[in-house]
1. Which whole number gives the average count of other chain Cβ atoms within 10 Å of the Cβ atoms across peptide B:180-193?
2. Could you state the angle between the C-alpha long axis of helix B:7-29 and the longest principal axis of the C-alpha atoms of chain B, as a value from 0 to 90 degrees rounded to the nearest 10?
3. Viscosity 1.002 mPa s, temperature 20 °C: give me the Stokes-Einstein translational D for region A:40-82 in µm²/s, with Rh taken as the Kirkwood radius over C-alpha pairs.
4. Work out from phi, with θ = phi - 60° and the Karplus expression 6.51 cos²θ - 1.76 cosθ + 1.60, the ³J(HN,Hα) of each residue of region B:38-43, listed in order in whole Hz, and give x for Gly and Pro.
5. For n ≥ 4 DSSP H runs only, could you compute -39500 (n - 2.57) per run for chain B, divide by its residues and tell me the 222 nm figure to the nearest 500?
6. State the dimensionless ratio Rg/Rh of region B:167-223 (Rg: radius of gyration of Cα atoms; Rh: Kirkwood radius).
7. Roughly how crowded by other chains is peptide A:164-177, in terms of the mean Cβ count from those chains within 10 Å of each of its Cβ atoms?
8. Kindly identify region B:7-213 as rounded, prolate or oblate by the Cα gyration tensor criterion: order the square roots of the eigenvalues as a ≥ b ≥ c, call it rounded if a/c is under 1.5, otherwise compare a/b with b/c, prolate if a/b is larger, else oblate.
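The values are calculated or read from the model by the stated rules, or taken from the named source; none is laboratory data. Computed from a predicted structure; not experimentally measured. No Cβ is skipped: glycine too gets one built from the backbone with ideal geometry, and neighbour counts run over all protein chains shown. When the accessible area is computed, the model is the full protein with side chains, heavy atoms only, and any ligands, DNA or RNA have been set aside. Shrake-Rupley method; radii C 1.70, N 1.55, O 1.52, S 1.80 Å.
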Amino acid sequence: MHGTDLSLLTPLLAVPAAAGLACLVARARRTMAAIGVLAFGGTLLLGGRLLQQVVAGGAVTEWGGFLRADALSAWMVVLISTVSLATSLYAGRYFQRELAAGAVTPGRVREFFVLTPAFATGMFLVVLANSLGVMWAAVEATALSSVLLVALYNRRTSLEGAWKYVMLGSVGLALALLGTVFVYAAACKNNAQPLPSFNWSYLQTVAPQLDPRLVRLAFVFVLVGYGTKAGLAPMHTWLPDAHSEAPSPTSAMLSGVSLKVALYALLRFHILTTACLGSAYSCHLLLGLGLLSMFLAVPFILVQRNLKRMLAYSSLEHVGLICVGIGLNTPLTIAGALLHMGYHALTKPVLFFAAGNIQQSYHTLELRLIGPGVVKTLPVTVLFMGLAAVAATGLPPFGLFLSELLVISGGFAAGQTAVSVLVLVALIACFCGILTQLTRILPGPSRPGRQHDGGSWDGVPAMGLLMGGLLLFSVWLPRPLLAVLQDAAVIVGGNP
Amino acid sequence: MNPAISPDIAAQLIALFAVLMLVVQLLLVVQRMLLTSIRLFAIQSVFLAGIAAVVAYFHGAFHVYVVVALTLVGKVVFLPWLLDRQVRRMNIIQEIEPLVNFPTSMLICGGLTLLGYLVARPFTSLERLGNNTLAVAITLVLTGFFLMINRRKAITQVLALLTVENGVMLAAVALTTYGMPLVVELGIFFDVLVAVMILGILVYRIRETFASMDVSKLSQLKG
């Protein structure tokens, strides 16, 4: 235990918060971009250290147990840092072009560079907070800091997207708070004294004594509540709107990690519910919603006319798969689901960055207007987009193939043949959908008269970082990562 | 435990305030003037603070007094003032016709109240102060959602969201002896403040861009 040591978790929160404040006073856009890159580079290093420490010595606590990180939290910290780092790398050049094109004002760009670290700080707090109540407040903070990011362009459509996002998100979070209150009540039934703590680490130890009826009710509220924020069907309706209307760096953050952070919050309650009621109840609910999300995404991908909306629906499918993996509740499928979180966090931002480049060169996201032949104008972007699309659809040699295989084969091994077959069908349908849509716009002859205004090397550092990571970790998982994944799978599975 | 007040009286006071919260909520459902609606929300929050004050006094719990103070400062004074100013600045006095007319709304809310009592019934057997208020809390949440769907002005939707939040806080008082831990209450409080400010910014921008606060005009994004 590191009760008095403040060297790891505190800086994870302090560094991005300080970066946000520094961007408030920084003069140049270049400086703000550099601050972001430095800050998230720093948190990535801290995340790496946290990973090793968690593997070596179990959970790390600070502030007398107020902050706590176990293997699951450490895994999430690494994901948040990676995606935020790539986003800051990409955002500098992206907003330089947006400013040059007159799409945003310098004030709005500052808003982006201040709110993005705030958004990330909120996510770090979600995964590090020990109290379930503080976790809720942190999830709400991430929602609030990202709303203004979605509305950044101040267009009619982006205001509509932001309004739907904030209203649905707030309704969801109100329900999640009600669920959190129910869990608290379940813990202090017939107790004249105040509860010693509302920490999940404590609640897990007393889980069998919780009031089962209240826990049952609480999990439904929390599932609908955090499920809204995680984009699970049928509460996903804000997701395509917000993802398509936000600036591309923000779309990458929303899709790459924000959905998974909400899923993390849901997982903490899932672990608690499993410990109290047995695994069947919450697993079946997760399994059902996961499958529904996967199948709901398919038709929308097939008929989609907007590039970023299509990517958003693909995220819905991936979140569904993660839920199915956890719902199947075997060590293999849970590890597959957690691994899938990581690979998806490396893949989907690349697609959104590439979509951002395409939008800046073609001034539209309508697939029909982008037309064939993007490869002629933006060869590098298309290379990355093609690779990421192949990865996202689950083809080897990329890691998503491995994680999807783990979930499907784990399902077969557990005797859940029907579920595995359904997952397979949904995956194949999405595969066909995304690849048909992209082959319509990426290859082929360029349209005559199409002007391209440069920028073919835009975003290469960010996309290169993520794709490099994806390729590397697809063929080789370092020992600490593997150990953390195994530990996290045990934590989620609830059999220590 | 404070001997100056008997548990019986405390329980009755809490029940009274809870019922008054529900009455205010129903008035809100049939209220068209925006400024009056904001005032009704402030009154509802006064009753919530009253319930918390009774709990704090009866148990002699210091941290619940903090919750009382926060509710009074935030939800009774600050947020109504903020919304009031915004409504006056935008010069919008009245809500347009709701989707469901007022008599039908009243009937639906009556149904929702019954539903609230049904849901809460299995949990009212536990012996605790103010336990009978859980039904009211659930009803507040349900009618808050109904209010949100039924109205088209962005400001009214924000008010509806705030009444839902009042309902959740009432549930926290109803189900637990001392309310939530202080750090959680503080987190919730500041989140609600920031949420209303951000919603205010958005409402302002929507009004500037669409020349209207009617959210049914936000319907371009589909599929």
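1. Values: counts 12, 9, 1, 7, 12, 2, 3, 11, 7, 1, 3, 11, 3, 0.
Taking all residues of B:180-193 together, the mean is 6.
2. Approximately 10 degrees, to the nearest ten.
3. Numbers: Rh = 10.2 Å.
D = 209 µm²/s.
4. 4, 5, 4, 4, 4, 5
5. On the way: 8 runs with 158 residues, N = 223.
-24500 deg cm²/dmol, from helical runs alone.
6. Taking Rg over the Kirkwood Rh, I get 1.22.
7. Average neighbour count from other chains, rounded to a whole number: 5.
8. On the way: a/c = 2.33, a/b = 1.44, b/c = 1.62.
Oblate, because a/c is 1.5 or more while a/b does not exceed b/c.
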